[in-house]
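Enquirer: Sending over a structure as structure tokens; questions will come in a sec.
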Amino acid sequence: MSYERVRKADPAVADALVAERERQNDTLAMIASENHVSEAVLQAQRSELTNKYAEGYPGARYYGGCEHADTVEQLAIDRARELWGADHVNVQPHSGTQANMAVYLSMLDPGDRILSLELEDGGHLSHGHPANFTGQTYTVEQYQVDPETGYIDYEGLRERAEAFDPDIVVSGYSAYPREVEWERIQAAADAADAYHLADIAHITGLVAAGVHSSPVGVADFVTGSTHKTIRAGRGGIIMCEESYADDIDSAVFPGAQGGPLMHNIAGKAVGFAEALEPSFETYAEQVTTNAQVLAERLQDHGFSLVSGGTDNHLVLVDLRESHPDTTGKDVETALEDVGIVLNANTVPGETRSAFNPSGIRIGTPALTTRGFDETAIREVTDLIARVVDSPEDNETTQSVGARVDELTDAFPLYT
Ligand code: DSN
């Protein structure tokens, strides 16, 4: 894709698009929520479907000319049902947050009660943060991870549910490195006569591949985004039992959204087809293997990890013990300067601010897509450690930057 037509119409945007492609090619993406879609997904997403209004659902639209939109959306739905084993799937949410919004809209009234994990312990803004519509519309109580172990405090969650009497319990996290015990959360929700929403945005691909246990068939609602471990391009998804289908569909449209982004739904359909191939299971297994290698090697270098390791695609480093004077933001900036891109993150028991927190979150989905195996991940971990230990040492940063260049050349991305 040369963007030559964009260049003729708008050189400034063409420059930015080319620069972004080069940035992705020339850096190591270790933001746990990012991935690289295939050229096929990219092509589907830039299709003429961007022109099409298709309000409604396949076979029941509010506009003419929807026959091809119907084909694409039905394919995305059928493939998602096969991937996750769900009764009913809605592929129209523009994002994971929009998917969550539709679940709340369908089941809750303003003022109703949400019980969810604290943001600084690995939760998500759309699970009830005061700065988000959820925190402003609903009454929110939060559960925590055990400060000693870093694992979800399931007993604390159960007690909180008993005392708070929530209308919905939210599970599924954005910075939690361990396998989630869906049944234990379901039991707490059942005891409180509450719905259970499992937001699997980060682990959609791991769940589809059977590398992480599935909340489908356990929780009432399962939501996710489609651009993270599942690699199907930007967007969201909702899965539920048939009995909730009508409520969920009308909460998405017309409740929360207007016309679906049909070009993104085409990307989802193509990405889901790719994920149904046996090679996707190999990919998902390698994502978790790589994360475990990353975790072990970081510990060899003296870093302290929340929960002491990982079961999924990410690790959460608490810098306070090993590097008490270094913040997550310091590390994010120093690593970005050498071409390794990750994000600063809060850690349980955070003592700094959300903008300049004490941890970093590191994920393996995107590097695994590029073909990084255990040996390559071990080397990248060594590079990270060198920079965190000596961010001001020019010789170190220059030699790490040069090695990152060699690695990105050795594992090419988009040509
Ligand atoms: N922003 C995403 C993440 O990085 O985890 C969640 O929406």
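Enquirer: Let me confirm something: among LEU316, LEU294, which residue is over 25 Å from SER47 (Cβ atoms) and within 16 Å of the ligand (Cβ to nearest atom)?
Expert: When all the criteria are applied, what remains is LEU316.
Residue-wise test of (1) out of contact with any Phe, Trp or Tyr (no Cβ under 7 Å at 6 or more places or on another chain); (2) at positive phi; (3) buried (at least 22 other Cβ atoms within 10 Å of the Cβ).
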residue	(1), (2), (3)
ALA219	no, no, yes
THR226	yes, no, yes
GLY236	yes, no, yes
GLU241	yes, no, no
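Enquirer: Name every residue in the range 168-201 that is within 16 Å of the ligand (Cβ to nearest atom) and among the aromatic types (Phe, Trp, Tyr), in order of residue number.
Expert: TYR173, TYR176
Enquirer: Here is a further query. When you look at GLY210, is it within 27 Å of GLY371 (Cα to Cα), under 21 Å from the mean Cα position of the chain (by Cα) and surrounded by 21 or more Cβ atoms within 10 Å (Cβ to Cβ), yes or no?
Expert: no
Enquirer: Given the structure, is TYR143 of a type in the set (Ser, Thr, Tyr), under 21 Å from ASP190 (Cβ atoms) and more than 16 Å from the ligand (Cβ to nearest atom)?
Expert: yes
Enquirer: In the range 1-58, which residues are of a type in the set (Gly, Ala, Ser), away from the ligand (no atom under 16 Å from the Cβ) and either without any contact (Cβ under 8 Å) to a residue 24 or more places away in the chain or within 29 Å of LEU335 (Cβ to Cβ) (or both)?
Expert: Those that are of a type in the set (Gly, Ala, Ser), away from the ligand (no atom under 16 Å from the Cβ) and either without any contact (Cβ under 8 Å) to a residue 24 or more places away in the chain or within 29 Å of LEU335 (Cβ to Cβ) (or both): SER2, ALA9, ALA12, ALA14, ALA16, ALA19, SER38.
Enquirer: Mind telling me which of the residues GLY359, GLY371 ends up being at pLDDT 95 or above and surrounded by 14 or more Cβ atoms within 10 Å (Cβ to Cβ)?
Expert: Selected residue: GLY359, the only one of GLY359, GLY371 that is at pLDDT 95 or above and surrounded by 14 or more Cβ atoms within 10 Å (Cβ to Cβ).
Enquirer: Condition first: in contact (Cβ under 8 Å) with a residue 60 or more places away in the chain and of a type in the set (Ser, Thr, Tyr). Now tell me which residues in the range 274-328 satisfy that.
Expert: Those that are in contact (Cβ under 8 Å) with a residue 60 or more places away in the chain and of a type in the set (Ser, Thr, Tyr): TYR283, THR288, THR289, SER307, THR310, THR326.
Enquirer: Could you give me the residue pairs with C-beta distances under 6 Å whose first residue belongs to the range 200-224 and is closer than 23 Å to ALA273 by Cβ and touching a residue at least 24 places away in the same chain (Cβ under 8 Å), whose second residue is of a type in the set (Val, Ile, Thr) and assigned to a helix (DSSP H, G or I) wherever it lies, and which are 6+ apart or on separate chains?
Expert: ILE200/VAL207; VAL211/THR288; HIS212/ILE203; SER214/VAL207; GLY224/THR204
Enquirer: Look at THR351 and say whether it is free of Cβ contacts under 8 Å to residues at least 40 places away in the same chain, over 30 Å from GLY123 (Cβ atoms) and not in a helix (DSSP H, G or I).
Expert: no
Enquirer: Within the range 40-86, which residues are under 27 Å from the mean Cα position of the chain (by Cα), surrounded by 14 or more Cβ atoms within 10 Å (Cβ to Cβ) and among the hydroxyl-bearing types (Ser, Thr, Tyr)?
Expert: SER47, TYR57
Enquirer: Can you find even one residue in the range 263-280 that is outside any helix (DSSP H, G or I) and within 16 Å of the ligand (Cβ to nearest atom)?
Expert: No, that holds for no residue.
Enquirer: It is to be established whether one or more residues within the range 334-348 are acidic (Asp, Glu), crowded, with 20+ Cβ neighbours inside 10 Å and either modelled with pLDDT of 95 or more or within 16 Å of the ligand (Cβ to nearest atom) (or both).
Expert: Scanning the range 334-348, I find no residue that is acidic (Asp, Glu), crowded, with 20+ Cβ neighbours inside 10 Å and either modelled with pLDDT of 95 or more or within 16 Å of the ligand (Cβ to nearest atom) (or both), so the answer is no.
Enquirer: Report, by residue number, each residue of the range 111-142 that is outside any helix (DSSP H, G or I), farther than 20 Å from PRO357 by Cβ and of a type in the set (Ser, Thr, Tyr).
Expert: TYR138, THR139, listed by residue number.
Enquirer: List every residue pair whose Cβ atoms sit under 7 Å apart, with the two residues 6 or more apart in sequence or on different chains, where the first one lies in the range 111-128 and is touching a residue at least 12 places away in the same chain (Cβ under 8 Å) and within 11 Å of the ligand (Cβ to nearest atom) and the second, anywhere, is part of a helix (DSSP H, G or I) and among the β-branched types (Val, Ile, Thr).
Expert: Short answer, once both residue conditions are applied: SER126/THR97; SER126/THR134; HIS127/THR134.
Enquirer: Does GLY302 satisfy the condition of being of a type outside the set (A, V, I, L, M, F, W, C), part of a loop (DSSP other than H, G, I, E, B) and in contact with a Phe, Trp or Tyr (Cβ under 7 Å, 6 or more places away or on another chain)?
Expert: No; evaluated as a whole, the condition is false for this residue.
Enquirer: Turning to a different aspect of this structure: In the range 208-255, which residue that is touching a helix residue (DSSP H, G or I) at 6+ places or on another chain (Cβ under 9 Å), over 19 Å from GLN45 (Cα atoms) and of a type in the set (S, T, N, Q) is farthest from the ligand (Cβ to nearest atom)?
Expert: Top of the filtered list is SER250.
The values are calculated or read from the model by the stated rules, or taken from the named source; none is laboratory data. Everything numeric here is computed off the predicted structure, so don't read it as measured data. Cβ sites come from the backbone with ideal geometry, for glycine too, and all protein chains shown count toward neighbours.
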